[in-house]
């Protein structure tokens, strides 16, 4: 029996649908290309944490409503007025990190069913999942550097684990955009299908992993993640502070102007 929880008051920007052993978490801000506001990220965290008490679900599929999986952080979100104290600003800036860590901490197997764009924070969400099924036409880009800031949300190690150091630098320092065939070639996608087959392909993969003994599958997943990410917490705790620092530079303002004007920026290292 389907069990849809999107009418719950805490979920205004996502839908959660359970179908037997499979759960779907759908990003549901299609008019914003599923851009990730603070409240949207808080709902993703809450939904991910809720699976701790769910003994029935064995696989969680993340997907997006509308044309894109996610266009990344919501750059149109208004600033806090009056400005928050710096101590609170640091905590608020970690909302994306909290959402990513909650997805990584899901005991169940996770799959991203990815169509259209996964930009910036959207790419962080896909790489936090165990597997990725992509639709033809999907693409990835980390545009943060061209906005004068670093990649945060503790997500640099996630793409590094998938593609290795040189390719990770091409993506995060070079801001290269990768399309479906190259995403598959680089090992970011585990499977590539036609757009109309995406939900079916994701469900087929989910059914395969749901058929495995859940205790063993979840313990293997946890051990694998611990091995792959052993040093991440020791190193990546500062990426929010790096972001706050880079966002306060003159180069950041130059980068924003250059990004929207499509003109080269004159960066001075200030």
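Coordinate-derived values only; no laboratory data. Everything numeric here is computed off the predicted structure, so don't read it as measured data. So basically every Cβ, Gly included, is an ideal-geometry build from the backbone, and we count neighbours across all protein chains shown.
Taking only Cα atoms, what is the 0 to 90° angle, nearest 10, from helix 250-261's long axis to the longest principal axis of the chain?
70 degrees
Per the helix-only calculation at 222 nm, which mean residue ellipticity applies to the chain, given -39500 (n - 2.57) for every DSSP H run of n ≥ 4 and division by its residues, nearest 500 deg cm²/dmol?
-12500 deg cm²/dmol
Starting from the Kirkwood Rh over alpha-carbon pairs, what translational D in µm² s⁻¹ does the range 167-263 have by Stokes-Einstein at 20 °C and 1.002 mPa s?
The estimated diffusion coefficient comes to 120 µm²/s.
Helix 38-50 sits at what angle to the longest principal axis of the chain, using alpha carbons and giving 0 to 90 degrees rounded to 10?
For helix 38-50, the angle is close to 30 degrees.
Write down the radius of gyration of the range 1-119 and its Dmax, each obtained from C-alpha positions, in Å.
Values for the range 1-119 (Cα only, Rg and Dmax): 14.7, 47 Å.
Using Cα springs under 10 Å in a Gaussian network model of the chain, which residue among 127, 57, 76 shows the largest mean-square fluctuation?
76
For 196, 19, what's the fewest-to-most ordering of other Cβ within 10 Å of each Cβ?
196, 19
Which percent, to the nearest 5, of DSSP beta bridges fully inside the range 7-69 are antiparallel?
50 percent
Which value results when the Cα radius of gyration for the chain is divided by 2.2 N^0.38 Å?
Normalised Cα radius of gyration, the chain: 0.99.
What shape does the range 46-91 take by its C-alpha gyration tensor, where a ≥ b ≥ c are the square roots of the eigenvalues and a/c under 1.5 counts as rounded, a/b above b/c as prolate, and the rest as oblate?
It is oblate, given that a/c is not under 1.5 and a/b is not larger than b/c.
Provide the gained length on full extension for the span residue 224 to residue 145, in nm with one decimal, where the gain is 0.36 nm per separating residue minus the Cα-Cα distance.
Stretched fully, the residue 224-residue 145 segment lengthens by 25.4 nm.
Nearest-5 percent of antiparallel DSSP beta bridges in the chain?
Close to 35 percent.
Cα-based Rg of the range 143-210 per 2.2 N^0.38 Å, rounded to two decimals?
Dividing the Cα Rg of the range 143-210 by 2.2 N^0.38 Å gives 1.33.
Using alpha carbon coordinates only, what is the Rg to Rh ratio of the range 7-61, with Rh defined as the Kirkwood radius?
We get a ratio of 0.98 for the range 7-61.
Neighbouring Cβ atoms within 10 Å as the yardstick, rank 129, 138 fewest first.
Placing the least packed residue first, the sequence is 129, 138.
How big is D, in µm² s⁻¹, for the range 82-223 by Stokes-Einstein at 4 °C and 1.567 mPa s if Rh is the Kirkwood radius over C-alpha pairs?
80 µm²/s
Please compute the volume of the convex hull spanned by the alpha-carbon atoms of the range 207-270 and report it per residue in Å³.
163 Å³
Among 246, 155, 70, which comes first, then next, by fewest other beta-carbon atoms within 10 Å?
Ordered by Cβ neighbours within 10 Å, fewest first: 246, 155, 70.
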